[in-house]
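Presented below is the structure to which this report refers.
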Amino acid sequence: MFLFEGSFGNILHTGDCRLTLDCLHSLPEKYVGRSHGMKPKCSLGYIFLDCTFGKSSHSQRFPTKHSAIRQVIWL
């Protein structure tokens, strides 16, 4: 993921990934407000999420995220 912060606002670009709650929780604390149930200090103006295969008319089976990571590590 890429997080852009500037006078233009705050923009999150995930690229082509499987966005999960773990991904969102790995953002800086000011965006997710983890500590003591606090609300986030900053907001994201835009989120660009690439879901190329989010919904496919074909019956495709993708490996789990864990399996895909293992395949890359072993290459």
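The values are calculated or read from the model by the stated rules, or taken from the named source; none is laboratory data. These numbers were taken from a predicted model, which means no experiment stands behind them. Positions of Cβ are generated from backbone atoms using ideal geometry, with glycine treated the same way; all protein chains shown enter the neighbour counts.
Condition check ((1) under 30 Å from residue 9 (Cα atoms); (2) touching a Lys or Arg at 6+ places or on another chain (Cβ under 7 Å); (3) surrounded by 10 or more Cβ atoms within 10 Å (Cβ to Cβ); (4) modelled with pLDDT of 70 or more) across all residues:
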position: 33; (1), (2), (3), (4): yes, yes, yes, yes
position: 44; (1), (2), (3), (4): yes, no, yes, yes
position: 57; (1), (2), (3), (4): no, no, no, no
position: 60; (1), (2), (3), (4): no, no, no, no
position: 64; (1), (2), (3), (4): no, no, no, yes
position: 70; (1), (2), (3), (4): no, no, yes, yes
position: 75; (1), (2), (3), (4): no, no, no, no
query = From the residues in the stretch 1-30 that are touching a helix residue (DSSP H, G or I) at 6+ places or on another chain (Cβ under 8 Å), over 14 Å from residue 65 (Cβ atoms) and of a type outside the set (A, V, I, L, M, F, W, C), which one is modelled with the lowest pLDDT?
reply = 25
